[in-house]
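Okay, so here's the structure we're looking at.
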Amino acid sequence: MISIEGLTVEFGGFTLLDNISFVVNKKDRIALVGKNGAGKSTLMKIISGMQTPTKGFISIPKETTTGYLPQQMQLSDTGTLLEETEQAFEHIHETENEINRLNRELSERTDYESEAFGKLIERVTTLSEQFQISGGTNYYAELERTLIGLGFTRNDFDRPTSEFSGGWRMRIELAKLLLKRPDVLLLDEPTNHLDIESIQWLENFIATRANAVILVSHDRAFINNTTQRTLELELGHIYDYKVKYGEYVVLRKERREQQLRAYENQQKMLADTEAFIERFRYKATKAVQVQSRIKQLGKIERIEVDEEDSAMLRLKFPPAPRSGSYPVIIENLAKSYGKHVVFAGATFTINRGDKVAFVGKNGEGKSTLVKCIMNEITDYEGSLKIGHNVKIGYFAQNQAQLLDENKTVFETVDYVAQGDIRTKIRDLLGAFMFGGEASDKKVRVLSGGEKSRLAMIRLLLEPVNLLILDEPTNHLDMRSKDVLKSALLDFDGTVIVVSHDREFLDGLVDKVYEFGNKRIREHLGGIYDFLEHKKMESLQELEKKTVLPEQGAPTGNANQQPAHPEAKTGIKLSYEEQKEQVRRIRKLEKTVTESEKKITALETRISELEIRMASPEGATDTSLYTEHNKLKNELSETVDRWEKATEALEKEAL
């Protein structure tokens, strides 16, 4: 589908990509990996046509479409969420308008027997077929399914996009991109602005409905669940592994060990040969053998060992000054913005030395609670106490964006450093891979990961005993994440991590606080214990049912709403009623599962038909168009059935 040959990218005297070549095939699921600054985003931009290489070329068939989601983009705020997302179907609207225009022209003409009239009918027929193939008027169900999968609600559809935060607007752009269904999907850190549930939805989308995909992500679990091929960029070279990331890590280690063994064996052979030549160079009886060995040396192809990228983030937090036993005590905490309740009734205590995670959908109050702890928000209800001698170190997910882009790396750190640490700034920068000339780079030329590392240095400038990290792994490469995780495990203070990165949280946190439905719930155990518990809990909740009080029982104020779902009054269902409810739930679950399988099968069959219809032979086969229209109608009906069953299942859970 896409062929890349001899690609070279140079900046000044520095070679970023050195004569790389590879091919992207249909339905490929490729993880593009490498440390920050290795050239991953540059390669994505070149494939998308946004940047040109210094040498080499890319061959992309004319009919092949690409869709690129960069790490950062300029977002527009011109309409509502629905209007903005519908731009993905602009080509459908254009086709529909053209069909309507041609139909009006046909109704006004009377030259029915003319050649021009016949061509006009042929044009309308062709456009109508294209209109049906591209989704026609049935695209709204797909649009709704995608937006809800990415975390939006139906109530958001008519909200102006200007009301959404930057992270949510990136989701809008991702939704538009997915709905366009390009032949090659280029995703640069797509999970940075998604919560765990949305990441799992995106994993399923890529696995079942996307075409070819190339993605850059530092989320190990995400790339292991979505890709089957790994392209590694290291020191300008590219290495192609036809395996998942987890297997690639093992093969990469084996490759280097084999290279080293072969190199060592060859070096021994070369040394022995050179020693023989030197020993017998001036002996006439050995002249023939010496000349033979000299020729042999000249013909040997020297084995080269890949230069190992040993630059590594060596992060160690200063010893934490001892705090009180309970750094954070929260009792009946509530925060609202006008009538909108963010959370209420929160009561929990974080002990000294705890390492906890804040998880939940975006907008459920994670960052709000962090701001309350930081005393940036004070107009809350309830009690929030910070313990004795607690010193907070805070890393915000937008901190990298707040750096002065006109300062150098050294100036950025020197500006905030105080006391004796100023004499060790060069050492500190070297530990964060800003050694040598890199410390004199302007902030504006740094990659997203480099900016995040620079912002994180601020955490090292003074001893703290409560670390609050808001999405600390966004833009960090996998090696840097490993070292940060190791440093946090060794940190003897208290840690609060707001993150969606399952792999990073695994083994790091021993308690999870879930934000959702205006509540904060405590879960003991690690992140995968929490996710497993959530699955079990959702099944149990489906079997619960709250009914209205018996007629005649006092109900109080008819308009009064319960504070929490548990506060709803009612009587327990009888055994037979419970059995009936479970039966209904299982039937709905079966309908949802069967519908999802059928949708996948229908979409696959439709794609196959469209490929055949695009061929010269298929273009004239009317039976293909008949079957295509039939399958599209069947798909629309199945999607409707899936939506109704899903909504009914949600109602049963209330």
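The values are calculated or read from the model by the stated rules, or taken from the named source; none is laboratory data. Model, not experiment: these values are computed from the prediction. We place every Cβ from the backbone using ideal geometry, glycine too, and count neighbours over all the protein chains shown. For the accessible areas, the whole protein counts, side chains as well, though only heavy atoms, and no ligand, DNA or RNA atoms are used. Shrake-Rupley method; radii C 1.70, N 1.55, O 1.52, S 1.80 Å.
If Lys and Arg each add +1 and Asp and Glu each add -1, what is the summed charge of the other residues whose beta carbon sits under 12 Å from the beta carbon of Lys244?
Value of the local net charge: +3.
Cα centroid distance between segment 481-517 and segment 328-400, in Å?
16
Residues with amide H under 5 Å of Thr494's amide H, sequence separation 5 or more or different chain, H placed in the peptide plane at 1.01 Å from N; which?
Gly353, Leu466, Leu467
With the cut-off at 29 Å, tell me which of the pairs Lys424/Lys485; Lys366/Lys481; Lys630/Lys651 have Cα atoms farther apart than that.
Lys630/Lys651
So which lysines pass the test for Lys26, namely a Cα distance under 16 Å, with those fewer than 8 places away in the same chain ruled out?
Those lysines meeting the cut-off are Lys62, Lys242.
Taking K and R as +1 and D and E as -1, what net charge do the other residues with C-beta under 14 Å from the C-beta of Met44 add up to?
Neighbourhood net charge equals 0.
Just from its helices, what would the mean residue ellipticity at 222 nm be for the chain, if runs of 4 or more DSSP H residues each count -39500 (n - 2.57) and the sum is divided by every residue, rounded to the nearest 500 deg cm²/dmol?
Calculated from helices alone, the mean residue ellipticity at 222 nm is -14000 deg cm²/dmol.
For Lys391, go through the aspartates and glutamates and keep the ones whose alpha-carbon is under 19 Å away, minus same-chain ones fewer than eight residues off.
Of all the aspartates and glutamates, those that pass the test against Lys391 - Cα under 19 Å, at least 8 places apart if same chain - are Asp354, Glu376, Glu462, Asp470, Asp490, Asp492.
On average, how much accessible surface per residue is there in segment 356-399, in Å², for a 1.4 Å probe, leaving out ligands, DNA and RNA?
Accessible area per residue: 48 Å².
Quick one: of the DSSP bridges fully inside the chain, what percent are antiparallel, nearest 5?
So the antiparallel bridges in the chain amount to around 50 percent.
Under the Karplus relation 6.51 cos²θ - 1.76 cosθ + 1.60, θ = phi - 60°, what is the ordered set of whole-Hz ³J(HN,Hα) values for segment 465-474, x standing for Gly and Pro?
10, 9, 8, 10, 10, 9, 6, x, 8, 4
Under 5 Å between amide H atoms, partner at least 5 residues away or on a different chain: which partners does Ile377 have, H built in plane at 1.01 Å?
Cys372
Tally Lys/Arg at +1 and Asp/Glu at -1 over every other residue whose Cβ is under 12 Å from the Cβ of Lys597; what's the total?
That works out to -1.
Heavy atoms only, probe 1.4 angstrom, no DNA, RNA or ligands counted: give me Tyr528, Tyr112, Tyr625 ranked by accessible area, highest first.
Tyr112, Tyr528, Tyr625
Step through the table entries Lys597/Lys632; Lys451/Lys534; Lys355/Lys442; Lys35/Lys442; Lys253/Lys441; Lys176/Lys590, compare each Cα-Cα distance with 24 Å, and write down the pairs that go over it.
From the list (Lys597/Lys632; Lys451/Lys534; Lys355/Lys442; Lys35/Lys442; Lys253/Lys441; Lys176/Lys590), the Cα-Cα distance tops 24 Å for Lys451/Lys534; Lys355/Lys442; Lys253/Lys441; Lys176/Lys590.
Across segment 224-239, in residue order, what do the Karplus-derived ³J(HN,Hα) couplings come to in whole Hz, using 6.51 cos²θ - 1.76 cosθ + 1.60 with θ = phi - 60° and x for Gly and Pro?
Along segment 224-239, the couplings run 5, 7, 10, 10, 10, 9, 10, 9, 9, 9, 9, 6, x, 9, 10, 10 Hz.
Taking the Cα centroid of segment 435-462 and of segment 208-242, what is the distance between the two, rounded to the nearest whole Å?
26
Percent of accessible area on the chain owned by carbon and sulfur, 1.4 Å probe?
Ligands and nucleic acids excluded, carbon and sulfur reach 48 percent.
Mind listing the long-range amide H neighbours of Gly525? Cut-off is under 5 Å, sequence gap 5 or more, other chains count too, H placed in the peptide plane at 1.01 Å from N.
Residues meeting the criterion, in which the H sits 1.01 Å from N, are Lys511, Val512.
Enumerate the calculated ³J(HN,Hα) couplings along segment 585-599 in order (Karplus 6.51 cos²θ - 1.76 cosθ + 1.60, θ = phi - 60°), each rounded to whole Hz, writing x wherever the residue is Gly or Pro.
4, 5, 5, 5, 4, 5, 4, 4, 4, 5, 5, 4, 5, 5, 4
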